[in-house]
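Step one of this worksheet: look at the structure below.
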Amino acid sequence: MSDKPDKGKKEVPLILINESLCKRCGICSAFCPTKVFDAREDGLPLVARGFDCIWCGLCEMRCPDFAILLKGENEQDGQKEPQGGEPVAKPTANGVPKDKEPVAGGVS
């Protein structure tokens, strides 16, 4: 058995939304060309149709609060390609991936 993803199956990114950073502005929903997001009652974006995601990255790029992270993609030759396995970084309790947390003195 191979560890590589089945080429016949569509890979989708893990879409992480940091609730503490999100100000519920709706920009991610507005820019999403495939309408992946719905809004919860409190305005927080909800990934309602994750399998429709086309990896364009507009939600992550346009979020003014840096509250959205797409994980699992591998950029090669300027193309975003899905990558199997676990996400590259898992959020910690404060929502920041462990490898992105600031270190003492502000130098990373």
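The values are calculated or read from the model by the stated rules, or taken from the named source; none is laboratory data. These figures come from a predicted structure and were not determined experimentally. For neighbour counting, all protein chains shown are included, and Cβ atoms are generated from backbone atoms with ideal geometry for every residue, glycine included.
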**Prompt:** Take the residues of the stretch 68-77 that are at negative phi and surrounded by fewer than 16 Cβ atoms within 10 Å (Cβ to Cβ): which is modelled with the highest pLDDT?
**Reply:** N74
**Prompt:** Inside the stretch 55-64, can you point out the residues that are surrounded by 14 or more Cβ atoms within 10 Å (Cβ to Cβ) and not in a helix (DSSP H, G or I)?
**Reply:** W55, C56, G57, C63
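Results for (1) surrounded by fewer than 15 Cβ atoms within 10 Å (Cβ to Cβ); (2) of a type in the set (S, T, N, Q); (3) out of contact with any Cys (no Cβ under 9 Å at 6 or more places or on another chain), shown as yes or no for each residue.
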position	(1), (2), (3)
E19	yes, no, yes
S29	no, yes, no
V36	no, no, no
A39	yes, no, yes
R49	yes, no, yes
C53	no, no, no
F66	yes, no, yes
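So if I check each of V47, V36, V12, which one is touching a Pro at 6+ places or on another chain (Cβ under 8 Å) and modelled with pLDDT of 70 or more? Can you show your working first?
Details: V47 fails: touching a Pro at 6+ places or on another chain (Cβ under 8 Å); V36 fails: touching a Pro at 6+ places or on another chain (Cβ under 8 Å).
Only one candidate passes the filter, namely V12.
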